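The values are calculated or read from the model by the stated rules, or taken from the named source; none is laboratory data. Just so you know, these numbers come straight off a predicted model, no measurement behind them. Note: ideal-geometry Cβ built from the backbone for every residue, glycine included; neighbour counts use all protein chains shown.
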Amino acid sequence: MTATETTTAPPPKYRDSRLRRVLAFARNTWRGLTSMRTALILLFLLALAAMPGTLLPQRPLNPPKTDQYIASHGWWGTLLDRLQFFNVYSSVWFSAIYLLLMVSLVGCLLPRTLEYYRSMRAKPVLTPRRLSRMPHFEQARLDRSSDEVFAAARARLKYWRTVERDEEDGTRSISAERGYLRETGNLLFHFSLLGLIVFFALGKLYSYEGQVIVQADGSEFCNSGILNYDSFTPGLRVDGTDLDPFCIKVNDMYAEYTAANEPIAYRSHIQYQSGADLQNNVWQPYLLEVNSPLRTAGDRVYLLGYGYSPTFTVTWPNGQKRSQTIQWATTDTTTELGEGATKFDPPGITDPMVRRTKELAVTGLLAPTPQVQNGILTSIAPELNHPMVAVDVMQGDLGLDSGQTQSIFSIDQTMVDDGRLKRVARENLAEGQSITLADGTKISFDGVQKWVSLQVSHDPTQVYVLVCAISMLVGLGASLLIKRRRVWIRVTPADGGGDGTVLQVGGLARTDQAGYGEEFNRIANELISGEKRKK
Amino acid sequence: MLVNETLSQYSDWSYTSATAIYVLALVFFLIEQAFGAKGRIAAERTRERARELVGAGGPPVSESESGTSSTTTSTASVPARGRYERIGRMGVALMVLGALLHFSALTLRGLATHRLPWGNMYEYIMAVTFIAVVAWLVVVKKFPVRHLSGFMLLPVVILMFIGGTLLYTVAAPVQPALQSYWLAIHVTAAIIASGIFMIPGVASIFYLFRTAHERNPEKFARFAPKLPPADVLDRVAYRATVLAFPLFTFGVLCGAIWAESAWGRFWGWDPKETTAFIAWVVYAAYLHSRHTAGWRGTRAAVINILGFAVMVFNLFFINLVTTGLHSYAGVG
């Protein structure tokens, strides 16, 4: 192709100069992109591209499930991962589609806005010469005078945009049009949609979300830095500084259940301070419930769930005591069976080598309403009713100073596999019971306390998204339910003089399938009969 | 907050009776469709129109709008075949009776549980099918499509059967996340929209049969001539969609507002949210296709059917197979 062009092409004339071709290409691309057909295809692509997100696990929603899926699907999973199928809504291809759609939308809206501006100033079109050609047409000979008929028609079309014109031989006509709000609504809908997408995107830049577990015993949490959170998901432009300052104190946590252990209500009495209250140290009370987040300082605080924290006290042979209340994870929300690890560093030992043989971890299960069968502890109800724990006491090197981060809910299994952490006891304990290890260390189970899991969310643009969504809905309603329609009236004095008048009424619906017939018939009948239809 | 077992039992009986009556009505409608005058009138009209089109040049006939006027003219030309007409009317009467029982099933369920009766999938399906039946009764009143009611009742009966057997859930209170007035607003909007969307879905399927037949008279030669004209079907589909689409948008919007206060974000690409978004985009495509050269008619009808397929997918697949925040199906 290129070879033939270079050898045989004559020197370019203006018509196909390079600049012109580039311009033509740009123009055609723009036209192609902004055509309705392209928009339709892009809409389909958008729908299609959103589909994998419902069928495949998504990393932002459920990371462990995603990893598990990839691992169990071999090269296929890896390929999908590389093609961003596990993060569809941030993927390059999904973004490309909606960006193209936005360009297409803008390209469609600009000329339409101009057209709209013109049409809003334009007068209704001339009455066609042959009204009988219109899809709706009625004709009648009336006994009243033409002035009377014309005045009646004018009164009937009071809420229409009308133009009256005199034609030859005393004939007069009214062109009327109505339903301009349809196009207004249509444009409103599309511009609001555009605004919604823009604010949604901005929200993704400036929002953040953090989760934290707080003991429900009057413990406090302050939104002063990301280190206070257990997990924190910042938007692209959030670096974790400058969070909106506020503090929360969690006083208690109640959960109500049906007889079948289905939850009915979760509520937690909290206190909070923000703004000037922070300086004055004033606490405001709030009842935190599902569906009723705390809104303060531009952030929202949600109650996600709760669980139990067992309190263990370790008394070392030298008489030193340490007591800890650490949250255990809820493994089953219907019975609130907890699982976790409470880790103890022996006090007063400075030699790291010695300490690494003396570290303790109390791991196992916590049953709020216990049932023990053949020595196996399970929970049969989520509420606290003489709770019990089934613990493995591990002693040795927990790996706390290995530099690796550890989950608060479990011990490092590799330490166990390496033989550096050994199980030294296994027992079921009720409240107040204790175990004494071979070296004389005593571990007692002192009781259980609740923790709550809170989420803090910040999204500065969500209120704008809401405003856009509402105006979108208003625009949509107007554009779908209002009909743009025209009606023309022509009044001609009857032949041969006299009082008679020939009235012609023609109608045209400008929107497809609008079902304009009934309204047209009503208008025509009223004009012909000369009386208002009683409602 | 105890569940009233007696009322719940009555609700179950109403539900079963409603389903049985719908089945009976379905049989009546099928008889009317198969032997009745309506079908034959429609067939007659098709032939007439073909003649008119051949003899073009005559006085222009205003056919685009008033399907009703042409029906009245043709009724005069065809001798009324009373028996099947009556059977069709009895079908409608049965359908109304079924709808009343259906309504009482919903009401009793609500009274039994002291909440709106759409807290799980069984109740949701019960409500959606009820809306579909009511919407169809309105359509029957406005358009000459009564003899097609059987085909409309078919998906209703199938859904109610699946709901009543596989998805049945014992009346119970709902979990804390659902205890909000948004349940009334969001789910009600979703139910009404889904129920109405069933109508354009069915009408568009008929539209495809009808237009396929019009392009090639040998196709569906026995079935398609009994269908109403393509433009009537198209209009039924369009009007129902135009009504349901803003309602659906409203439902999604309310869902977003509720999600903001229940789950901490207004939009999170939860499977249900995503599928609702997909359905929304598909129906938006349908509305656009009607203004696009080369996409009107058949393609628009296909898109509408696709939209309904996505709604069904959203109801069954998303509730039963995937796990998301909307997993309230109450099934295993």
Name, by its number, the condition in (1) in a loop (DSSP other than H, G, I, E, B); (2) aromatic (F, W, Y); (3) in contact (Cβ under 8 Å) with a residue 24 or more places away in the chain that does not hold for A:F199. (1)
Note on B:G307: of the conditions (1) more than 7 Å from chain A (Cβ to nearest Cβ); (2) closer than 16 Å to A:L43 by Cα; (3) touching a residue at least 40 places away in the same chain (Cβ under 8 Å); (4) surrounded by fewer than 24 Cβ atoms within 10 Å (Cβ to Cβ), unmet is (4)
Which of (1) surrounded by 15 or more Cβ atoms within 10 Å (Cβ to Cβ); (2) under 29 Å from the mean Cα position of the chain (by Cα); (3) in contact (Cβ under 8 Å) with a residue 24 or more places away in the chain; (4) not in a loop (DSSP other than H, G, I, E, B) is the odd one out, the single condition A:L205 does not satisfy? (1)
If I filter region A:59-82 for residues that are surrounded by 16 or more Cβ atoms within 10 Å (Cβ to Cβ), within 12 Å of chain B (Cβ to nearest Cβ) and either farther than 19 Å from B:A285 by Cα or β-branched (V, I, T) (or both), do I get at least one hit? yes
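Filtering region B:292-301 down to residues that are within 11 Å of chain A (Cβ to nearest Cβ) and closer than 14 Å to B:G201 by Cα, which residue is surrounded by the most Cβ atoms within 10 Å (Cβ to Cβ)?
If we filter region B:292-301 for residues that are within 11 Å of chain A (Cβ to nearest Cβ), which is where we start, we get B:292-296, B:299-300.
Retained after the next criterion (residues that are closer than 14 Å to B:G201 by Cα): B:299-300.
Details: B:R299: 16, B:A300: 24.
Looking at the filtered set, the residue picked out is B:A300.
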Check A:Q139 against each of (1) surrounded by 15 or more Cβ atoms within 10 Å (Cβ to Cβ); (2) more than 34 Å from the chain's Cα centre (by Cα); (3) within 14 Å of chain B (Cβ to nearest Cβ) and name the one condition it does not meet. (1)
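Within region A:251-265, identify whether any single residue is on the phi < 0 side of the Ramachandran plot, in contact with a Cys (Cβ under 7 Å, 6 or more places away or on another chain) and within 14 Å of chain B (Cβ to nearest Cβ), and answer yes or no.
Going through region A:251-265, the residues on the phi < 0 side of the Ramachandran plot turn out to be A:251-260, A:262-265.
Next cut, in contact with a Cys (Cβ under 7 Å, 6 or more places away or on another chain) only: none.
Among the residues of region A:251-265, not one is on the phi < 0 side of the Ramachandran plot, in contact with a Cys (Cβ under 7 Å, 6 or more places away or on another chain) and within 14 Å of chain B (Cβ to nearest Cβ), which makes the answer no.
The rows are residues; the columns are (1) touching a residue at least 60 places away in the same chain (Cβ under 8 Å); (2) at the interface with chain B (Cβ under 10 Å from one of its Cβ atoms).
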site	(1), (2)
A:G419	no, no
A:A425	no, no
A:G432	no, no
A:T436	no, no
A:T441	yes, no
A:S453	yes, no
A:V474	yes, yes
A:R486	yes, no
A:R490	yes, no
Could you please find all residues in region A:19-51 being more than 8 Å from chain B (Cβ to nearest Cβ) and closer than 15 Å to A:A96 by Cβ? A:L33, A:T38, A:I41, A:L42, A:L45, A:L48, A:A49
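Sort out which residues of region A:456-511 are assigned to a strand (DSSP E or B), under 22 Å from A:L202 (Cβ atoms) and polar (S, T, N, Q), and write them in order of number. Talk me through it step by step, then tell me what you get.
Going residue by residue through region A:456-511, those that are assigned to a strand (DSSP E or B) are A:456-458, A:485-493, A:501-509.
From the residues that got through so far, the ones that are under 22 Å from A:L202 (Cβ atoms) too are A:456-458.
Hit for region A:456-511 is A:S457, nothing else.
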If I go through region A:135-172 residue by residue, how many of them are among the charged types (D, E, K, R) and part of a strand (DSSP E or B)? 7
Single condition B:A259 does not satisfy, out of (1) more than 10 Å from chain A (Cβ to nearest Cβ); (2) under 29 Å from A:A469 (Cβ atoms); (3) surrounded by 20 or more Cβ atoms within 10 Å (Cβ to Cβ); (4) touching a helix residue (DSSP H, G or I) at 6+ places or on another chain (Cβ under 6 Å): (4)
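Conditions (1) under 13 Å from A:G396 (Cβ atoms); (2) at pLDDT 85 or above; (3) surrounded by 14 or more Cβ atoms within 10 Å (Cβ to Cβ); (4) out of contact with any Asp or Glu (no Cβ under 8 Å at 6 or more places or on another chain), marked per residue:
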residue: A:T342; (1), (2), (3), (4): no, yes, yes, yes
residue: A:K358; (1), (2), (3), (4): yes, yes, yes, yes
residue: A:T369; (1), (2), (3), (4): no, yes, yes, no
residue: A:T378; (1), (2), (3), (4): no, yes, yes, yes
Answer yes if at least one residue in region A:278-301 is among the small types (G, A, S), surrounded by 14 or more Cβ atoms within 10 Å (Cβ to Cβ) and either in contact (Cβ under 8 Å) with a residue 40 or more places away in the chain or not in a strand (DSSP E or B) (or both), and no otherwise. yes
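If a residue has to be touching an Asp or Glu at 6+ places or on another chain (Cβ under 9 Å) and either crowded, with 21+ Cβ neighbours inside 10 Å or at pLDDT below 90 (or both) to count, how many in region B:266-291 make the cut?
Kept after step one, since they are touching an Asp or Glu at 6+ places or on another chain (Cβ under 9 Å), are these residues of region B:266-291: B:266-267, B:290-291.
After this cut, where a residue has to be either crowded, with 21+ Cβ neighbours inside 10 Å or at pLDDT below 90 (or both) as well, the list is B:266, B:290-291.
Matching residues across region B:266-291 total 3.
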If I filter region B:262-271 down to residues being farther than 20 Å from A:L303 by Cβ and not in a helix (DSSP H, G or I), which single residue comes out as nearest to the other protein chains (Cβ to nearest Cβ)? B:W269
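Residue-by-condition table, conditions (1) of a type outside the set (S, T, Y); (2) over 20 Å from B:T107 (Cβ atoms):
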| position | (1), (2) |
| --- | --- |
| B:V139 | yes, yes |
| B:K142 | yes, yes |
| B:V145 | yes, yes |
| B:L153 | yes, yes |
| B:G163 | yes, no |
| B:T169 | no, no |
Contact list, first residue from region A:69-85 and modelled with pLDDT of 90 or more, second anywhere and of a type in the set (D, E), beta-carbon distance below 7 Å, six or more apart or interchain, is A:I70/A:D81
Mind listing whichever residues of region B:215-247 are away from chain A (no Cβ under 14 Å), surrounded by 19 or more Cβ atoms within 10 Å (Cβ to Cβ) and either small (G, A, S) or closer than 25 Å to A:G475 by Cβ (or both)? B:A224
Which condition breaks for A:L193 when tested against (1) in contact with a Ser or Thr (Cβ under 8 Å, 6 or more places away or on another chain); (2) touching a residue at least 40 places away in the same chain (Cβ under 8 Å)? (1)
Picking from A:F25, A:F44, the residue that is surrounded by 15 or more Cβ atoms within 10 Å (Cβ to Cβ), without any contact (Cβ under 8 Å) to a residue 12 or more places away in the chain and either on the phi > 0 side of the Ramachandran plot or of a type in the set (F, W, Y) (or both) would be A:F44
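Looking at A:D418, A:D439, A:D459, which one is among the acidic types (D, E), in contact with a helix residue (DSSP H, G or I) (Cβ under 7 Å, 6 or more places away or on another chain) and either surrounded by fewer than 17 Cβ atoms within 10 Å (Cβ to Cβ) or under 30 Å from A:P245 (Cβ atoms) (or both)? Outline the logic, then answer.
On the way: A:D418 fails: in contact with a helix residue (DSSP H, G or I) (Cβ under 7 Å, 6 or more places away or on another chain); A:D439 fails: in contact with a helix residue (DSSP H, G or I) (Cβ under 7 Å, 6 or more places away or on another chain).
From the options A:D418, A:D439, A:D459, the qualifying one is A:D459.
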